[in-house]
Amino acid sequence: MTDVTRAIAAATSVAASLDLPANDAIVLHNSNKLALRLTPCDVFARVAPVGQEVAQFEVELAQRLAEVGCPVCPLEPRADPRVYTRDGFAVTLWTYCEPVTPHTSPVDYAKALEQLHAGMRKVDVPSQRFTDRITQAEDVVTDPNRSPELADADRAFLSGRLASLRRTINDRGAVEQLLHGEPHPGNVLSTKNGPLFIDLETCCRGPVEFDLAHVPEAVCEHYPNVDQGLLEECRQLVVAMVAAWRWKLGDQFPNGRRFGEELLRVLHDGPPWPTLDTMSRRVGGL
């Protein structure tokens, strides 16, 4: 039985124990977490191996953000708001939101992100800082056991760039607040109630430009009071961090190695720094 099969079995078992009929499971996304649509109960389940997730933090934060009116995907109201463990997996249950078309416009995307940030300023939760995310990327790059296919010259280059960007952005002394951490289009649901953000486990403290560095250029154009210099530095940082993830041993993203090679090439070529959606279109999968 594969890990995906076992994860699906764990999610359907949890749903069944709550009298939520789950005869079928549709895989919506599979990367660091498995995202499932359970039917016919229509529940959105997120599943990860126990110990490799921050599911409890995500559940508690989602509740707090919903209370202050943030545009986040709500937890499943027919289940207790907690983490369920089954067969070595942590399972969280959310409301399934049917996607609508056309996709979220840049104006609506920017408004929703601004609303999310405003709500996050009202929520006081312990969280990592964006520099901790840089450290995690550096740990992958500097350890050949965790990135065995990364050439030594690229390892030194990427490690140096991450360290340099950490210093540059830190030295700006920009105002920091709670952020989503990865509000890219893959973490935005286009629903009848407008854009809703998912995947809150990446939340961290930092300047809003760190979040904006993950979104399309057209979205940034509609977000107020952006520090363009800081945004450019954060975009370069995001390119460098995502490059690190793509060289990580066991990375599950589609076209991950090709993506990693292209991101390294972009870093060598220099500015202007592309957005992630531009890179995704170029390579064919983020």
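The values are calculated or read from the model by the stated rules, or taken from the named source; none is laboratory data. Note that this is a predicted model, so its numbers are computed, not measured. All Cβ positions, glycine included, derive from the backbone under ideal geometry; neighbour counts span all protein chains shown. Just the protein is used for accessible areas: all its heavy atoms, side chains included, with ligands, DNA and RNA removed. Shrake-Rupley method; radii C 1.70, N 1.55, O 1.52, S 1.80 Å.
Compare R129, R257, R265 in a GNM of the chain, Cα atoms joined below 10 Å, and give the one with the largest fluctuation.
Of R129, R257, R265, the Gaussian network model singles out R265 as fluctuating most.
In a Gaussian network model over the chain where Cα atoms closer than 10 Å are linked, find which of V27, V208, V141 has the largest mean-square fluctuation.
Sorting by GNM fluctuation, first place goes to V27.
Could you tell me the ratio Rg/Rh of the stretch 118-202? Both radii from Cα atoms, Rh via Kirkwood.
Taking Rh as the inverse mean 1/r over Cα pairs, Rg/Rh reads 1.07.
Given labels modelled 7 Å from the Cα in the Cβ direction, how far is it in nm from A118 to R282?
About 3.5 nm, to one decimal.
Suppose only helical runs count, i.e. DSSP H with n ≥ 4. What mean residue ellipticity at 222 nm does that imply for the chain under -39500 (n - 2.57) per run, divided by all residues and rounded to the nearest 500 deg cm²/dmol?
Working: 10 runs with 127 residues, N = 286.
Helices in the chain give a 222 nm mean residue ellipticity of -14000 deg cm²/dmol.
Take the alpha carbon atoms of the stretch 127-185, find their center, do the same for the stretch 232-286, and report the distance between the two centers in whole angstrom.
13
Please list, in order along the stretch 133-139, the HN-Hα scalar couplings obtained from phi with the Karplus expression 6.51 cos²θ - 1.76 cosθ + 1.60 (θ = phi - 60°), rounded to whole Hz, x for Gly and Pro.
Going residue by residue, I get 5, 5, 4, 4, 5, 4, 4 Hz, with x marking Gly and Pro.
Quick check on the chain: of the DSSP beta bridges with both residues there, what percent are antiparallel, nearest 5%?
Working: 30 of 32 bridges.
Roughly 95 percent of the DSSP beta bridges within the chain come out antiparallel.
Work through the residues other than V283 whose Cβ is under 12 Å from its Cβ and net out their charges, Lys, Arg +1 and Asp, Glu -1. Kindly include the intermediate steps, with their values, before the conclusion.
Working: positive: R246, R257, R258, R265, R281, R282; negative: E261, E262, D277.
Around V283, the surrounding residues sum to +3.
Report in % the part of the accessible area of the chain that belongs to carbon and sulfur, leaving out ligands and nucleic acids; probe 1.4 Å.
50
Here are a few candidate values for log10 I(q)/I(0) by the Debye sum over Cα atoms at q = 0.09, 0.11, 0.14, 0.16 Å⁻¹: [x] -0.38, -0.58, -0.95, -1.24; [y] -0.44, -0.66, -1.08, -1.38; [z] -0.44, -0.63, -0.97, -1.26. Which one was actually calculated from the structure I just gave you?
[y]
From the C-alpha gyration tensor of the stretch 178-236, pull out the three semi-axes of the equivalent ellipsoid (sqrt of 5λ each), sorted largest to smallest, in whole Å. Mind showing how you got there, number by number?
On the way: eigenvalues 78, 40, 17 Å².
Square roots of five times the eigenvalues give 20, 14, 9 Å.
Based on the Cα gyration tensor of the stretch 94-149, what are the three equivalent ellipsoid semi-axes, each the root of five times an eigenvalue, rounded to whole Å and given largest first?
Square roots of five times the eigenvalues give 33, 20, 12 Å.
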